[in-house]
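Have a look at the structure below before the remarks.
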Amino acid sequence: MPTRSLMRVRPLSEDAPSLAPRGLSSRHFLKLVEDTGEVGFWSAGPRGDRLEASVGLIRILGLDPAAEIAIDALLDMIHPEDQSAHGDQFALLRSGQPVTREFRVVRPDRTQRWVRHRAEVLLGPDGKPAQAMGVMFDVTDCYDAMRAVRQRHDRLNALVAATAAVFWINGPDGEPREMPQWQALTGQSHADMAGEGWLDAVHPDDRARTAAAWMTAVAHAAPYNTDYRLLCADGVYRWFNARGAPMMNRDGSVREWVGVCLSVPGRNRYVPSRPEPASAAGRVGPDLPNPTAAQVRAARGMACLSKEELAKRANVSISTVVRLEDGNSAVRPRPETVTAVRRALEQSGVAFVLDAEGRPALREA
């Protein structure tokens, strides 16, 4: 057979042929393979009820090396949920059919393993099954890895569904790649989104700013975070916070971009600006006094923002937010800093107003 020549050790030189053995037993090769702990072999007669198992197979199944292995006992080790689909393997072999299956086994110590089983039948001179042999691989690690991937995928899907987020994937050059939720939200087709076509769904007043933020992020392979209004498929503009990050290759290049678009609380619809009320009661706008510490704390709670997130949106330090929320702080931020924080909260859907008695208050924008 062709493999026999591969198993023969060649002499080191013509002058010293006796220094090398004439051949190696296939048993040595099988032991080398089985020592990985992931493969085992067996053989059996066509009508026998027992099989000869290798050390590797005994290790995979967790059996007693000194005990004989009955075929029925081996079939009984198949997980109860897999019995109906895979309990026919030796019946198929006895009829001369090969088998290739993956299933779970329950070992005597009650631990479970996933195995891949491949077996076939050798025919005798009379054309009838004369010998059956098989190989079993322990593929538990592969199944554990696939289960972990599925679990992460399910968690991501649950998170996206819970937050009503739009999940998107772009290529390393920033080109839209996988954005089915964006298409469902905006009504754009994949062709519509190509290049900078996705910007057509962004409100005209937000388009230039959004494009600049995205191009800057792509150029510097830096995280992306901006707010804009999207024209949804129902014809209504709604506010979204878009954020994403590059996934890097080992060489430092960008493999792809992943991100989400999150609906901004309190700003579900774009409403054109209206004249402000002339009376103090319910008045909003920049002419109001600076927000109080209680207002800042309450506004951050209404917007569901952490101190870190508010600081990032306002482009200020976290310590600045801490001082603004501390009414007893001796250090007061500069007016432009207070304005930046207030504007960030207003963009998150919170309006600073005065109540009927002229006291600072809040309401949803």
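The table below gives the values:
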{"read-out": "Options ARG243, ARG229: the member that is assigned to a strand (DSSP E or B), in contact with a His (Cβ under 8 Å, 6 or more places away or on another chain) and closer than 28 Å to LEU305 by Cβ", "value": "ARG229"}
{"read-out": "Qualifying residue in region 317-324 (condition: closer than 24 Å to PHE240 by Cα and surrounded by fewer than 19 Cβ atoms within 10 Å (Cβ to Cβ))", "value": "yes"}
{"read-out": "Residue in region 282-293 that is at pLDDT 80 or above and surrounded by fewer than 18 Cβ atoms within 10 Å (Cβ to Cβ) present", "value": "yes"}
{"read-out": "Residue within region 252-268 that is of a type in the set (Lys, Arg) and modelled with pLDDT under 90 present", "value": "yes"}
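The values are calculated or read from the model by the stated rules, or taken from the named source; none is laboratory data. Keep in mind the model is a prediction, meaning the values are calculated, not measured. Virtual Cβ from ideal backbone geometry, glycine too; neighbours counted across all protein chains shown.
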